[in-house]
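Asks: Okay, handing you the structure first.
Read-outs: derived from the displayed coordinates by stated rules, not from any lab. Here the structure is a predicted model, which is why all the values come from computation and not from measurement. Cβ placement follows ideal geometry from the backbone for every residue including glycine, while neighbour counts extend to all protein chains displayed.
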Amino acid sequence: MAFIKLVIFGFIALTVIYFSIAIYSRSVRKERLEDEFDAEHPEGGAAGARDTFIAEGMQDYNNSIRPKLIGLVYVVPTVVIAAIVYTINAN
């Protein structure tokens, strides 16, 4: 029963951490794209060009490996806990 509680609450905690990191990472990337556009176009650029630039940059971000690496938030702690449980029970 304790193991089931650990799994449930662990999954909930990891989900909260995952979404927090994912939202933060997207926010940082979007801010970087906004700053990059503003540096390249100090006068403001054409109407809608900034939004298009940011949308294309975010699409590139979504297709990159970084958002997929955030999924390791689930894998690494699970492997570590499984290794600890195995080590403790093997002795």
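Asks: Could you tally the net charge around Ile54, taking each other residue with its Cβ under 13 Å from the Cβ of Ile54, Lys/Arg +1 and Asp/Glu -1? Walk me through the intermediate numbers first.
Replies: Working: positive: Arg26, Arg29, Lys30, Arg32, Arg50; negative: Glu31, Glu34, Asp35, Glu36, Asp38, Glu40, Asp51, Glu56, Asp60.
With Lys, Arg at +1 and Asp, Glu at -1, the net is -4.
Asks: If you average the sequence gap of Cα pairs under 8 Å that are 6 or more apart and divide by the length of the chain, what percent do you get for the contact order?
Replies: Computed over the chain, the figure is 39 percent.
Asks: Using mean Cβ contacts within 10 Å as the protection proxy, how do 66-72, 38-44 order, highest first? Intermediate values should be presented prior to the final figure.
Replies: Working: 66-72: 12.9, 38-44: 9.1.
With the highest mean Cβ count within 10 Å placed first, the list reads 66-72, 38-44.
Asks: Just to be sure I understand the rule: take each whole DSSP H helix in the chain, project its Cα atoms onto its long axis, keep it if the span is 20 Å or more and its mean Kyte-Doolittle hydropathy is at least 0.5. Which ones pass? Please list the in-between numbers first.
Replies: Numbers: long enough: 2-40 (56 Å, 0.61); 49-63 (21 Å, -1.01); 72-90 (26 Å, 2.04).
Taking the DSSP H segments of the chain (at least 20 Å long, mean hydropathy at least 0.5), we get 2-40, 72-90.
Asks: If you split all Cα-Cα distances of region 2-90 into 5 Å bins from zero, what percentages do you get per bin, shortest first?
Replies: Result returned by the calculation: 2, 12, 16, 16, 12, 10, 9, 7, 6, 4, 3, 2, 1, 0.
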